[in-house]
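Undergrad: I'd like to ask you about the structure that follows.
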Amino acid sequence: MSFDLLAPHYRWMEFILAGEKLQRCRRAFLSEIPAARNILLVGEGHGRSLVECRNRFPNAQITCVDASEPMLAQARRQLLRHNMATACVRFIHADVLNWTPTGGDYDLVITHFFLDCFRADQLEQIIARLGAVTTPDGNWLLADFQTPAAGWKRIRGRLILWTLYAFFRATTRLPARRLTAPNSYLERAGFTRHRHTEAEWGLLHSAIGGSGKEARGKRRWKMTLTLALISPSLEPSRKMELSGSKKKRHSQRAVPLSRRSQAVFLLTDSAREGG
Ligand SMILES: C[S@@+](CC[C@H](N)C(=O)[O-])C[C@H]1O[C@@H](n2cnc3c(N)ncnc32)[C@H](O)[C@@H]1O
């Protein structure tokens with residue numbers, strides 16, 4: 001697969017076919033990421049997400065991986081056009097299927113309109129590989145196409161997707177023949193979808209997911225605290241044993257009954273939300 005031929009035309013083609021719709025999807029949850037120090041942009045293409053990231057996190061280290069050198073050149077030019085320094089950005093020309101991630105653990109992974117390029121077996125491999133180099137509290141931002149759920153929206157969506165795949169297969173030798181939803185692979189890699197939004201009658205979507213490594217830790221933490229509040233009579237040593245690595249945060253004080261039941265309700269509820 002190569003996007004080299006398309007690289008100089010990608011921006012105006014996107015503008016003609018979709019206006020600012022794709023860019024709105026790329027931007028969707030970026031403002032909700034509290035802080036990011038080490039960002040990985042995979043299949044970044046022409047650099048529009050890179051500029052948004054640079055704006056949002058001016059001090060972050062950013063790694064941009066793309067298999068197309070002309071696409072990386074476009075991304076570099078985008079930064080310069082916006083008077084942004086390229087010093088904190090590493091541009092890596094590599095096929096992500098063969099790339100061994102370097103540069104430490106990433107607290108934000110961004111794959112916009114990229115995962116749709118791959119077959120299911122490749123998706124599984126890529127997502128597992130990227131998931132393995134994210135921090136325990138890392139986030140994954142994703143904007144992409146999806147097949148609308150039902151009715152005329154589904155028929156319309158499938159027609160558009162069929163046309164897009166035929167075009168990209170002819171011009172880039174895309175390995176995928178059809179769209180594979182990445183959700184189950186992301187879940188398997190430990191990511192939980194926190195928020196999701198749709199556009200264009202369900203054809204476009206954006207999602208923000210958190211690494212399950214942290215989510216699992218939080219769930220255990222919440223369960224422990226809930227247990228400790230329900231059973232204030234539990235021996236302190238047993239409570240410490242239950243609380244595991246988060247020992248210091250747990251109060252050993254007994255809580256009056258009314259406050260106690262309120263706290264248990266809130267915790268159980270937020271645990272459900274998080275899980
Ligand atoms: C459909 S474009 C998406 C570009 C951009 N992320 C966007 O939001 O529009 C897919 C990009 O992924 C890159 N790409 C495709 N296969 C790749 C691979 N195996 N490894 C790294 N980059 C790849 C292409 O060169 C291209 O820039």
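Undergrad: If R0 is 25 Å, what FRET efficiency do you get for ILE16 and ALA94 from their C-beta distance, rounded to 0.05?
TA: Efficiency at R0 = 25 Å is approximately 0.25.
Undergrad: Sticking with this structure for a sec: Given a Förster distance of 30 Å, report the FRET efficiency between GLU69 and ARG156 from their Cβ-Cβ distance, rounded to the nearest 0.05.
TA: That gives a FRET efficiency of 0.25.
Undergrad: Return the FRET efficiency for the residue pair ARG169, ASP121: r is the Cβ-Cβ distance, R0 is 22 Å, and the value is rounded to the nearest 0.05.
TA: 0.80
Undergrad: Could I ask something else about it? Among rounded, prolate and oblate, which fits segment 7-213 when a ≥ b ≥ c are the square roots of the eigenvalues of its C-alpha gyration tensor, a/c under 1.5 means rounded, and a/b larger than b/c means prolate?
TA: rounded
Undergrad: Convert each backbone phi in segment 91-108 into a coupling constant with the Karplus relation 6.51 cos²θ - 1.76 cosθ + 1.60 (shift: θ = phi - 60°), then list the ³J(HN,Hα) values in order as whole Hz, x for Gly and Pro.
TA: 9, 10, 8, 7, 7, 4, 5, 10, 7, 9, x, 10, x, x, 8, 9, 9, 8
Undergrad: Right, another one. Out of residues 5 or more away from LEU174 or on other chains, whose amide H comes under 5 Å of its own, with H placed 1.01 Å from N in the peptide plane?
TA: When sequence neighbours closer than 5 places are left aside, the close amide H contacts are ARG169.
Undergrad: Give the order of THR63, THR111, THR147, THR102 when sorted by the count of other beta carbons within 10 angstrom, beginning with the fewest.
TA: Placing the least packed residue first, the sequence is THR102, THR147, THR63, THR111.
Undergrad: Another question about this same structure. As a footprinting exposure proxy, order PHE167, PHE118 by other Cβ within 10 Å, with the fewest listed first.
TA: PHE167, PHE118
Undergrad: While we're on this one: Using only Cα atoms, locate the centre of segment 1-40 and the centre of segment 91-128, then give the distance between them in Å, rounded to an integer.
TA: Cα centres, segment 1-40 to segment 91-128: 16 Å.
Undergrad: Right, here's the next one. Is the C-alpha gyration tensor of segment 1-119 telling us rounded, prolate or oblate? Criteria: a/c under 1.5 is rounded; beyond that, a/b larger than b/c is prolate, otherwise oblate.
TA: rounded
Laboratory data are not the source of any read-out in this text; all were calculated from the coordinates shown. Keep in mind the model is a prediction, meaning the values are calculated, not measured. With ideal geometry, Cβ positions are generated from the backbone for all residues, glycine too; neighbour counts draw on all protein chains shown.
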